[in-house]
Amino acid sequence: MSEWNETIKVLLVDDEIWTRDTVKLFGEWERYGMEIVGEAEDGLEALRLIEALQPHIVITDMRMPGVDGVQLLEALNERFPTIKAIVISGYDDFQYAKHALRYGALDYLLKPLDAQELNAALLKGKIEIEAAHQADRQSLTLDINISYLLAPYKQLLRSHYNELNQEGITATFESLIEELERQSTITPDTLEQIAQELLLLLKELMVVNSQSHENLRITFKHDTFAAVSNTIGFIVDYYKSALEQLIQQRRFKKKLNLDEVRLFMESHYTSSVSLEQLARAFFVSKEYLSKMFKQEYGQNVTDYLLQLRMDKAKEWLADESIPIKTIAEMAGYEDVTYFYRVFKKHFGIAPGGMRRNNEV
């Protein structure tokens with residue numbers, strides 16, 4: 001088969017324009033070879049656009065007037081089964097998650113949207129679309145409860161892998177084994193689904209960390225799915241090997257690459273990023289990193305991160321359709337009152353005042 005060389009077309013579906021704007025701001029579209037080809041405010045309009053535009057990925061809210069996200073997913077499943085869906089919802093509701101997984105959604109993301117989680121879902125879509133182009137392989141019938149069970153463990157694995165935390169990865173897999181062994185409905189097919197989901201996550205993590213995944217050749221053994229411990233043990237070996245490769249890649253560089261540190265901060269500013277986490281991820285002491293970063297950029301790590309968040313917040317204030325509370329969350333502040341205080345201290349004016357005075 002030929003290699004995939006098309007632009008991946010994405011359709012946004014949400015009745016709130018500021019949510020669509022947030023998705024557009026956060027998505028690394030060019031990096032993943034993607035383009036937003038249309039926007040819809042409800043499921044009915046989305047279906048009309050899908051007919052006309054033939055997108056590869058649909059990003060949809062669940063609660064919308066008229067034809068909602070549940071009905072849209074049902075229609076996609078029946079009429080456009082090759083389209084990948086990413087669900088975004090402001091409601092941490094298992095019923096919505098079940099609908100999303102039942103109809104094969106790539107991911108179920110909660111508002112306020114996290115940039116890293118959105119881009120991980122986009123990357124997953126890219127990988128699956130390209131894999132489908134290269135081979136017509138039958139996908140597993142998803143056990144929605146197992147996918148939901150795996151979700152928090154996958155989040156932990158993402159964090160531990162990106163922080164080069166071998167102990168954390170081992171502990172996460174040990175907890176997962178205990179959880180799965182308590183389940184009474186585990187079958188070889190279920191274990192194969194678990195393996196496929198966790199190995200796909202590993203491939204995403206390798207891509208995000210600029211590791212070559214071309215040599216990631218997965219060959220299941222005859223007893224891989226005979227028991228939970230066999231399956232997880234098989235997966236752990238691949239995670240350990242890939243993480244060791246990343247550790248060697250970082251550890252044996254001739255010198256600390258401050259541009260990599262800065263780029264890491266710029267892609268993680270919406271979550272908590274500490275000097276200690278950065279030092280661990282780049283194999284240097286906190287003192288050395290702090291000294292070298294300030295010497296290179298004229299600011300310490302904390303001040304640089306604050307500057308980055310404030311600049312982004314100021315940029316987003318220019319769009320009056322985005323509520324200030326949402327801007328606070330997008331900039332990494334769960335407490336909007338604290339965001340107001342930090343913003344006013346940094347710029348000498350409150351966010352609302354800056355917006356009213358058109359000083360952005």
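The values are calculated or read from the model by the stated rules, or taken from the named source; none is laboratory data. Everything numeric in this text was worked out from a predicted model, so none of it was measured. No Cβ is skipped: glycine too gets one built from the backbone with ideal geometry, and neighbour counts run over all protein chains shown. Side chains included, ligands, DNA and RNA excluded: accessible areas come from the protein's heavy atoms. Shrake-Rupley method; radii C 1.70, N 1.55, O 1.52, S 1.80 Å.
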TODO: Answer with yes or no whether residue 334 is open to solvent by 80 Å² or more (accessible area, probe 1.4 Å), of a type outside the set (S, T, N, Q), touching a helix residue (DSSP H, G or I) at 6+ places or on another chain (Cβ under 9 Å) and not in a helix (DSSP H, G or I).
DONE: yes
Task: helices (runs of 4 or more DSSP H) enclosed by the range 221-318 - at least 3 residues per element that are closer than 29 Å to residue 113 by Cβ - done: 228-251, 258-268, 275-281, 301-317
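Return yes or no: is residue 181 modelled with pLDDT of 90 or more, out of contact with any helix residue (DSSP H, G or I) (no Cβ under 7 Å at 6 or more places or on another chain) and not aromatic (Phe, Trp, Tyr)? So that I can check it myself, show each step before the final result.
Numbers: modelled with pLDDT of 90 or more: yes; out of contact with any helix residue (DSSP H, G or I) (no Cβ under 7 Å at 6 or more places or on another chain): no; not aromatic (Phe, Trp, Tyr): yes.
So residue 181 does not fit the description; no.
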Open item on the list: Which residue is least open to solvent (accessible area, probe 1.4 Å), if the candidates are limited to the range 17-32 and must be of a type outside the set (Gly, Ala, Ser) and not in a helix (DSSP H, G or I)?
Closed with: 32
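Which of the following residues is modelled with pLDDT under 80 and surrounded by fewer than 15 Cβ atoms within 10 Å (Cβ to Cβ): 280, 356, 251, 341?
When all the criteria are applied, what remains is 251.
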Task: Residue within the range 91-113 that is open to solvent by 60 Å² or more (accessible area, probe 1.4 Å), within 29 Å of residue 207 (Cα to Cα), touching a residue at least 40 places away in the same chain (Cβ under 8 Å) and more than 18 Å from the chain's Cα centre (by Cα) present - done: yes
Open item on the list: I need a count of the residues in the range 56-81 that are assigned to a helix (DSSP H, G or I) and either open to solvent by less than 10 Å² (accessible area, probe 1.4 Å) or within 19 Å of residue 122 (Cβ to Cβ) (or both).
Closed with: 4
Open item on the list: If I ask for residues that are modelled with pLDDT of 90 or more and not in a strand (DSSP E or B), which ones from the range 33-43 would you list?
Closed with: 33, 41
Task: Number of the exception - residue 153 against (1) at pLDDT 85 or above; (2) of a type outside the set (D, E, K, R); (3) out of contact with any Phe, Trp or Tyr (no Cβ under 9 Å at 6 or more places or on another chain); (4) open to solvent by 20 Å² or more (accessible area, probe 1.4 Å) - done: (3)
TODO: Under 8 Å between Cβ atoms, at least 6 apart or on separate chains: pull out the pairs that start in the range 288-306 with a residue that is of a type outside the set (Val, Ile, Thr) and end on any residue that is part of a helix (DSSP H, G or I) and exposed (fewer than 15 other Cβ atoms within 10 Å of the Cβ).
DONE: 299/307; 300/294
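Could you look through the range 182-225, keep only residues that are acidic (Asp, Glu) and surrounded by 15 or more Cβ atoms within 10 Å (Cβ to Cβ), and pick out the one that is farthest from residue 122 (Cα to Cα)? Full working, then the answer.
We begin by selecting, within the range 182-225, every residue acidic (Asp, Glu); these are 189, 192, 197, 204, 214, 223.
So of that shortlist, the ones also surrounded by 15 or more Cβ atoms within 10 Å (Cβ to Cβ) come out as 192, 197, 204.
Numbers: 192: 23, 197: 15, 204: 10 Å.
Filtering first and then ranking leaves 192.
Filter the range 82-95 down to the residues that are assigned to a loop (DSSP other than H, G, I, E, B) and at pLDDT 80 or above and list them by number. Lay out the reasoning, then the answer.
Taking the range 82-95 first, the residues assigned to a loop (DSSP other than H, G, I, E, B) are 82-83, 90-93.
The answer is 82, 83.
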Task: Cβ pairs under 9 Å, 6+ apart, first in the range 23-41 and more than 17 Å from residue 51 (Cβ to Cβ) and free of Cβ contacts under 8 Å to residues at least 60 places away in the same chain, second among the acidic types (Asp, Glu) and surrounded by 17 or more Cβ atoms within 10 Å (Cβ to Cβ) - done: 24/39
Open item on the list: Here are the criteria: (1) open to solvent by 50 Å² or more (accessible area, probe 1.4 Å); (2) more than 14 Å from residue 197 (Cβ to Cβ); (3) out of contact with any Asp or Glu (no Cβ under 8 Å at 6 or more places or on another chain); (4) at pLDDT below 75. Tell me which single one residue 142 does not satisfy.
Closed with: (2)
Task: Whichever residue in the range 156-166 is in a helix (DSSP H, G or I) and of a type in the set (A, V, I, L, M, F, W, C) and, among such residues, is surrounded by the most Cβ atoms within 10 Å (Cβ to Cβ) - done: 157
Task: Residue among 41, 45 that is of a type in the set (Asp, Glu), more than 23 Å from residue 119 (Cβ to Cβ), crowded, with 16+ Cβ neighbours inside 10 Å and in contact with a helix residue (DSSP H, G or I) (Cβ under 9 Å, 6 or more places away or on another chain) - done: 41
